Amino acid sequence: MRPSHHFVVAPLAILLLSGGAAAQTPAGQTAQPSRAGRGQGRAGGGSGPNGRGSSFMAPEDPAKLIFHESWTRPMAQPMVQTSLANQNLSLHIYGNADEIRKTMHPTEDYTYTGETTTNWALTVSDKTVYWNLTGDGRVRLKTRNSGYRFLHVVIRTADGKYFVSEEGSGESSAWIEADYILSDLHWRNLMMTDTPTNASNRRPPNPKRVPIIATSPAAPDLSKVDEVGFSDLMEGGWIPATTRVNAFDLYGKTIPRK
């Protein structure tokens, strides 16, 4: 259970305070807790399964950097495999790939999703290994989001199931970095097929539709992860409301594919 504190704060005050904190994050600092999703900061925050503290000791076998991805220079819309600087990784785009851009400016490169008209997700995998992201396995995201956007961690486990974190990186006026220790996060199942849930549905399922919608709470098996990436679970709102990812890193252990 999360700690219970006997404070009464008006919902509007919470919204204003959280929004103000995100907007006032100075350049070079890391993300502070935001929304129901809480950025865990550069040092990694959290300390146990489902966001509950469980250990104050350093891990005996700390997670090691598996990859750093910060894209290649050329602009590309849609993003393509060659948009990845690390060609050991394979790019996976869910939703309408034509609407996701790897943009380029003189001093920075990042993903841009302001033109998306559906939910979307972007992940990568390595065809030679799975990833063990238990313990202090983590994802580090460098973001500069605008509008009411929170970038969440997305994973696909080896059994083909998709999950999304409740925690996420919110708005900021400068680039910020946040670490997400996967075993500390609160997870949701991620609906990736247009599947009827009961007999009273009036609309027939659309096999071409990829909903990318968070549903029920989940507890994914982090010992064998196939894909890792991110999504804001929303369609774009042009420049005023978009997520931007300048880089993301993965820390953990590798498991050879057989």
Tell me the strands (runs of 3 or more DSSP E) entirely within region 98-150 that contain at least 2 residues that are within 23 Å of residue 174 (Cβ to Cβ). 101-105, 108-112, 138-143
Evaluation of residue 243 against (1) under 20 Å from residue 83 (Cα atoms); (2) out of contact with any Lys or Arg (no Cβ under 8 Å at 6 or more places or on another chain) (one fails), failing number: (2)
State whether the residues of region 185-193 include one that is touching an Asp or Glu at 6+ places or on another chain (Cβ under 6 Å), modelled with pLDDT under 95 and over 19 Å from residue 257 (Cβ atoms). no
How many of the residues in region 58-87 are part of a loop (DSSP other than H, G, I, E, B) and charged (D, E, K, R)? 3
Taking interchain pairs and intrachain pairs at least six residues apart, which have beta carbon atoms under 6 angstrom, with the first residue in region 149-171 and closer than 27 Å to residue 257 by Cα and open to solvent by 10 Å² or more (accessible area, probe 1.4 Å) and the second assigned to a strand (DSSP E or B) and acidic (Asp, Glu)? 156/226; 156/227; 158/226
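To keep it simple, each residue is scored yes or no on (1) at pLDDT below 95; (2) open to solvent by 30 Å² or more (accessible area, probe 1.4 Å); (3) in contact with a helix residue (DSSP H, G or I) (Cβ under 9 Å, 6 or more places away or on another chain); (4) not aromatic (Phe, Trp, Tyr).
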| site | (1), (2), (3), (4) |
| --- | --- |
| 92 | no, yes, no, yes |
| 108 | yes, yes, no, yes |
| 115 | no, yes, yes, yes |
| 123 | no, no, no, yes |
| 126 | no, no, no, yes |
| 131 | no, no, no, no |
| 138 | no, yes, yes, yes |
| 143 | no, no, no, yes |
| 146 | no, no, no, yes |
Quick one: in region 54-90, which of the residues that are open to solvent by 80 Å² or more (accessible area, probe 1.4 Å) and at pLDDT 95 or above is nearest to residue 231 (Cα to Cα)? 68
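The values are calculated or read from the model by the stated rules, or taken from the named source; none is laboratory data. None of the values given here were measured: they were computed from a predicted structure. Backbone-built Cβ (ideal geometry, glycine too); neighbour counts: all protein chains shown. Just the protein is used for accessible areas: all its heavy atoms, side chains included, with ligands, DNA and RNA removed. Shrake-Rupley method; radii C 1.70, N 1.55, O 1.52, S 1.80 Å.
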